[in-house]
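The values are calculated or read from the model by the stated rules, or taken from the named source; none is laboratory data. Just so you know, these numbers come straight off a predicted model, no measurement behind them. All Cβ positions, even for glycine, are placed from backbone atoms using ideal geometry, and neighbour counts span all protein chains on display. Just the protein is used for accessible areas: all its heavy atoms, side chains included, with ligands, DNA and RNA removed. Shrake-Rupley method; radii C 1.70, N 1.55, O 1.52, S 1.80 Å.
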Amino acid sequence: MTVKVSIIIPVYNAGVYIERPINSLLKQSMPQDEFEVIFVDDGSTDDSAERLKKIADNAENFRIFSMPNSGWPGRPRNVGVANARGEYIHFLDQDDALGPKALQVMYDRARKNNSDIVVGKVKGNMRGPIRLFRESADAVGPDFAELYETLTPHKMFRRQFLLDNDIKFQEGRCRLEDQMFLAKAYPLAKRITIVGDVVCYDWSKRDDGSNNSKSRTEPEDYYPWLAKTAQIVKANTSPGPVRDAFLTRNYRVEVLRNTSTGGFLKGDPFSMGHYEAARKVAVEEYSDSVREGLPPLWRFRAELLEADRVEDLRKVAERYRDAVSEVEFSGPVRWRRGVLVAPFRARLRYQDGATVKVRKLGDGYGLDLAVVQGIDGGPEWSFKDIDNRAVVDFQLRQRNKAQAWFADVESKVTVWPPTERWRSREPSASIPTRRRAEAGSPRGCTTSTSTSNCSGSSAWPGSRAARSASCCPAAVSGPSA
């Protein structure tokens with residue numbers, strides 16, 4: 001029988017944790033004879049080889065390859081691809097798991113849509129819910145900006161697509177090998193399918209915490225790889241939205257986070273080394289259009305960074321660092337004609353209770369004076385893209401399974417006249433929003449809201465919450481149904 005999917009798992013000293021992916025693979029709804037599992041042992045020094053042999057002796061679709069230690073997962077993954085026989089390939093880490101319907105659902109949708117890549121819904125306790133998965137999509141292109149919320153390789157790829165385009169992982173010890181892989185794969189893909197209605201990948205923190213690296217990273221070991229990632233993106237794209245989508249994400253996440261850390265605020269030499277290295281990448285690798293794609297407050301920060309205005313960057317970070325989202329239900333939560341209606345009000349506020357606001361400024365808008373006052377050019381700095389920056393998400397979360405579902409949204413931005421008095425409990429702009437959760441949502445769920453593009457996270461300066469919070473109006477109102 002033709003192999004539909006090859007699952008590739010690099011292994012190094014996995015120990016008992018290798019049982020987790022194995023158990024999830026044995027429980028797949030796809031018949032075992034329709035997929036294969038390729039383990040590539042990267043010179044393990046524990047009992048991983050013996051564990052794998054014992055499993056493979058009892059599973060005809062499990063294959064094992066061994067190699068000298070390379071020190072990083074890139075080469076084992078490449079060895080797996082070279083030996084794979086499946087029409088599609090799915091990468092799985094040695095301590096993660098697949099949802100029971102993952103392979104069947106992802107493969108069926110790949111065949112239905114002739115997809116080069118299938119991105120399956122992720123759950124777990126390693127990060128918050130990803131807004132990309134608020135709904136499924138049969139086919140999107142690489143210009144779909146939300147794709148770049150997930151730059152790990154734990155997806156399904158057409159094997160011939162990888163081979164035809166010579167898409168491989170960087171081998172040996174390096175940083176950002178996953179990003180470099182996707183820096184080529186995403187732009188070259190013609191059709192990308194998103195599975196948002198079925199949990200496909202379970203990415204959870206290990207009990208011993210060993211898959212959550214906290215080791216100190218030296219600037220010279222990280223930022224040259226960030227620059228190389230940008231170079232790979234530019235080599236595989238033309239100037240335009242596809243290139244900018246990837247690079248704008250990295251400017252915001254990988255570069256600008258260095259302008260708000262505690263070490264940066266204190267002038268710690270190690271943190272300043274990261275700042276200088278990150279700034280070098282921004283100046284040398286990112287065009288003006290990349291910076292212009294950032295949300296307003298981040299764009300303002302980027303201009304300060306490129307001008308090396310360290311003290312002004314510190315002022316912005318200090319003033320905004322304690323901003324948080326605040327949510328309250330404005331009426332009873334109740335079922336209405338099979339729909340759960342939850343009217344609510346949300347806003348962003350500072351620690352002293354004052355609301356984060358934007359100002360009407362000429363034919364555009366200005367950043368909150370509480371953030372930019374006293375910074376040269378800050379009070380006059382303006383932007384116009386407000387409608388696509390004011391975002392609120394509403395989710396249902398099933399706590400015991402670390403799962404989340406996004407409810408539908410209907411919203412409209414209304415900016416209050418500048419003559420209105422600002423009050424801490426009143427919005428400077430409001431987005432009347434109705435959130436609906438379909439009947440039949442799992443029991444044991446809780447509701448959660450966020451005024452950010454990353455649901456459920458608080459608005460700290462280095463997060464996606466801060467990205468939206470920094471530039472969106474002060475409050476959100478949900479009308480009673």
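Key figures
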{"item": "Accessible-area value, SER238, 1.4 Å probe, nucleic acids and ligands omitted, Å²", "result": "90 Å²"}
{"item": "Interchain or long-range residues, amide H under 5 Å from LEU361's placed H", "result": "GLY366"}
{"item": "Net charge dipole size for the range 1-73 [Lys, Arg +1 and Asp, Glu -1 on Cβ; Debye, nearest 20]", "result": "160 debye"}
{"item": "Sparsely packed chymotrypsin sites (Phe, Trp or Tyr not before Pro) within the range 1-82, loop by DSSP, other Cβ within 10 Å at most 16", "result": "none"}
{"item": "In sequence order, calculated HN-Hα J values of the range 66-73 (Karplus, 6.51, -1.76, 1.60; Hz; x Gly/Pro)", "result": "10, 8, x, 4, 9, x, 7, x"}
{"item": "Sum of side-chain charges, ASP164 neighbourhood, beta-carbon under 15 Å (Lys, Arg +1; Asp, Glu -1)", "result": "+3"}
{"item": "Debye equation applied to the C-alpha atoms of the range 59-188, log10 I(q)/I(0) at 0.13, 0.15, 0.18 Å⁻¹", "result": "-0.57, -0.78, -1.16"}
{"item": "Partners for LYS280 among lysines (Cα-Cα distance below 18 Å; same-chain residues under 8 apart left out)", "result": "LYS228, LYS234"}
{"item": "Residues with amide H under 5 Å from that of PHE394, placed H, sequence gap 5 or more", "result": "ALA407"}
{"item": "Cross-link reach list, lysines versus LYS357, counting only Cα pairs under 29 Å and skipping chain neighbours closer than eight places", "result": "LYS266, LYS315, LYS384, LYS412"}
{"item": "Length added when fully stretched, GLN231-LYS266, from 0.36 nm per residue minus Cα-Cα", "result": "9.4 nm"}
{"item": "Distant-in-sequence amide H partners of PHE169 (H built 1.01 Å from N, under 5 Å)", "result": "ASN78"}
{"item": "³J(HN,Hα), Karplus 6.51/-1.76/1.60, whole Hz, each residue of the range 187-198, x for Gly, Pro", "result": "x, 8, 6, 8, 9, 10, 9, 10, 9, x, 9, 9"}
{"item": "Estimated vicinal HN-Hα couplings, Hz - the range 26-42 in sequence order (Karplus 6.51, -1.76, 1.60; Gly, Pro = x)", "result": "6, 9, 5, 6, 5, x, 4, 7, 9, 9, 10, 10, 10, 9, 10, 7, 8"}
{"item": "Protein-only accessible surface order, largest first, of ARG336, ARG175 at 1.4 Å", "result": "ARG336, ARG175"}
{"item": "Proximal aspartates and glutamates to LYS360, defined as alpha-carbon separation beneath 15 angstrom and excluding residues fewer than eight positions away on the same chain", "result": "ASP368, GLU380, ASP385, ASP387, GLU420"}
